[in-house]
Amino acid sequence: MNSVRNCYIHIPFCKKICSYCDFCKLFYDREYISKYLDALQLEIDTYYQGEELDTIYIGGGTPSCLSDSELERLFLILSSFKRSSHCEVTIEANFDSITESKLNICKKYGVNRISFGLESIHSWILEKMGRTLDLDYVHHIISYCKKIGIYNINVDLMYAFLGERLEEVEEDIDFIQSLDVTHISTYSLILEEHTKLYLEKEKSISEELDAKMYEMICSKLSNYQHYEISNFCKDGYSSRHNLCYWRNREYYGFGLGASGYLGDIRYSNTRSITHFLQNKFRYEEEKLNNYDKMEYEVILNLRTKEGISKKSFIDKYSMKLEEVYHYHELVKEGYLVEDEDYLAIPEKYFYLSNEILVRLLEVCCYE
């Protein structure tokens with residue numbers, strides 16, 4: 001039996017398609033959703049091996065755009081999963097589609113963490129994204145979550161839009177902090193191909209301004225733990241599901257366009273709704289050798305403040321980290337720090353993590 005303890009579920013439907021979004025998504029369609037849930041149930045029945053799960057993450061798309069009855073049906077399908085006593089169950093939601101009624105359904109079926117896409121409080125940025133937001137309703141919904149006992153709440157921020165000022169990002173952060181949530185995720189805008197912004201030839205802001213925005217965000221959120229490049233949490237509230245990715249652990253991925261990692265295989269599901277509804281779930285599989293696994297380990301682990309566990313590396317690959325990567329020059333220059341147990345990127349260089357990773361992978365001597 002696999003050692004997998006984590007599971008991702010993709011719900012691709014949205015009432016609106018955001019201009020920056022490159023995730024697998026479709027416009028909300030009641031008929032399609034019914035057929036989609038049928039196919040999702042078959043996929044789970046086919047591949048799930050009965051393991052006890054520590055995390056379940058329902059992402060999208062916009063899972064909260066499902067109707068009450070559709071949401072209830074989704075949770076009934078997911079009830080086939082065995083859950084550990086401490087299982088973290090997360091659902092993504094947007095403020096323009098979540099309701100008290102839907103939150104009650106989430107609570108009823110064991111959801112104990114909600115991730116809200118807020119992105120910005122500024123009307124011109126929301127318009128550019130193709131989103132709307134009622135700030136009073138945001139406060140109401142966050143308060144209602146806490147009222148019914150869902151305290152583990154994440155709010156997403158997106159920044160670095162062309163024309164955005166440093167002060168506007170600061171105002172976004174101030175608003176999110178006023179909500180007193182346990183987790184904040186911050187993402188610099190990336191203009192992905194095939195998105196509306198990319199096709200409209202939107203330009204990126206300067207690297208200098210992007211860096212200043214990131215630095216300001218880190219400074220403003222100093223009362224949170226900066227445990228991963230883009231993520232901040234109060235003590236004990238890191239995203240255990242996302243940590244499974246960053247620690248290079250196995251996980252199921254179910255649903256349209258979902259990806260998973262089981263044994264020696266990383267797989268991606270089809271992004272074609274037609275194929276998915278024909279029960280043709282898997283699109284491609286990548287069989288990993290030891291070198292591939294070690295590369296994933298390094299790239300993903302170094303996103304976290306903790307970094308790479310030297311003991312875990314030996315346990316997994318029967319080799320010492322320093323035998324595979326000659327990283328001592330990077331340590332000497334201060335871009336990596338190490339002690340007996342871990343190798344990590346210091347927080348002040350998180351912004352340069354991509355450049356540091358490129359240099360580190362260049363000194364790999366594994367054959």
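The values are calculated or read from the model by the stated rules, or taken from the named source; none is laboratory data. Just so it is clear, the structure is predicted and the values come from calculations on it, not from any experiment. Every residue, glycine as well, gets a Cβ built from its backbone with ideal geometry; the counts of neighbours run over all protein chains shown.
Filtering the stretch 231-249 for residues that are aromatic (Phe, Trp, Tyr), buried (at least 19 other Cβ atoms within 10 Å of the Cβ) and out of contact with any helix residue (DSSP H, G or I) (no Cβ under 7 Å at 6 or more places or on another chain) leaves a non-empty set.
For the criterion of being without any contact (Cβ under 8 Å) to a residue 40 or more places away in the chain, surrounded by fewer than 16 Cβ atoms within 10 Å (Cβ to Cβ) and farther than 27 Å from residue 263 by Cβ, residue 80 fails. Residue 133 falls short on exactly one of the conditions (1) more than 17 Å from residue 14 (Cβ to Cβ); (2) touching a helix residue (DSSP H, G or I) at 6+ places or on another chain (Cβ under 8 Å); (3) among the hydrophobic types (A, V, I, L, M, F, W, C), and that condition is (1). From the list 148, 190, 153, the one residue that fits, being aliphatic (A, V, I, L, M) and surrounded by 18 or more Cβ atoms within 10 Å (Cβ to Cβ), is 153.
Restricting 64, 69 to those that are part of a helix (DSSP H, G or I), among the hydroxyl-bearing types (Ser, Thr, Tyr) and crowded, with 17+ Cβ neighbours inside 10 Å reduces the list to 64.
Just to confirm my filter: which strands (runs of 3 or more DSSP E) fall fully inside the stretch 230-273 and include at least 2 residues that are in the same structural domain as residue 187 (by TED's automatic domain parsing), at pLDDT 95 or above and within 15 Å of the chain's Cα centre (by Cα)? It would help to see each step written out before you state the result.
On the way: elements: 231-233, 252-254, 259-262, 265-269.
So the answer is 231-233.
Consider residue 118 carefully, then state whether it is under 25 Å from residue 202 (Cβ atoms) and modelled with pLDDT of 95 or more. First the steps, then the outcome.
Values: under 25 Å from residue 202 (Cβ atoms): yes; modelled with pLDDT of 95 or more: yes.
For residue 118, the condition - under 25 Å from residue 202 (Cβ atoms) and modelled with pLDDT of 95 or more - is met.
Looking across the stretch 278-298, the residues that are in a strand (DSSP E or B) and either assigned by TED's automatic domain parsing to the domain that holds residue 318 or out of contact with any Asp or Glu (no Cβ under 7 Å at 6 or more places or on another chain) (or both) come down to 282, 283, 284, 285, 286. Can you confirm whether residue 184 is in a loop (DSSP other than H, G, I, E, B) and either in contact with a Cys (Cβ under 9 Å, 6 or more places away or on another chain) or among the aliphatic types (A, V, I, L, M) (or both)? No, not satisfied.
Can you tell me which residue within the stretch 299-316, out of those that are in contact with a Phe, Trp or Tyr (Cβ under 7 Å, 6 or more places away or on another chain) and assigned to a helix (DSSP H, G or I), is farthest from residue 358 (Cα to Cα)? Filtering first and then ranking leaves 310.
If the condition is being more than 20 Å from residue 81 (Cβ to Cβ) and out of contact with any strand residue (DSSP E or B) (no Cβ under 9 Å at 6 or more places or on another chain), then the stretch 253-278 contributes 274, 277, 278.
Give me a count of the residues in the stretch 96-110 that are in a loop (DSSP other than H, G, I, E, B) and in contact (Cβ under 8 Å) with a residue 40 or more places away in the chain. Give the derivation first.
Step one: list which residues in the stretch 96-110 are in a loop (DSSP other than H, G, I, E, B), which gives 96-99, 109-110.
Filter again for in contact (Cβ under 8 Å) with a residue 40 or more places away in the chain, leaving 96-98.
Number satisfying all stated conditions: 3.
Please go through the stretch 125-144 and give me each residue that is in a helix (DSSP H, G or I), in contact (Cβ under 8 Å) with a residue 12 or more places away in the chain and closer than 25 Å to residue 169 by Cβ, ordered by number.
Our first condition is that a residue be in a helix (DSSP H, G or I); within the stretch 125-144, this holds for 125-129, 135-144.
Subsequent filtering for residues that are in contact (Cβ under 8 Å) with a residue 12 or more places away in the chain retains 125, 128-129, 135, 137-139, 141-142, 144.
125, 128, 129, 135, 137, 138, 139, 141, 142, listed by residue number.
Can residue 211 be described as buried (at least 20 other Cβ atoms within 10 Å of the Cβ) and not charged (D, E, K, R)? Criteria not met by residue 211.
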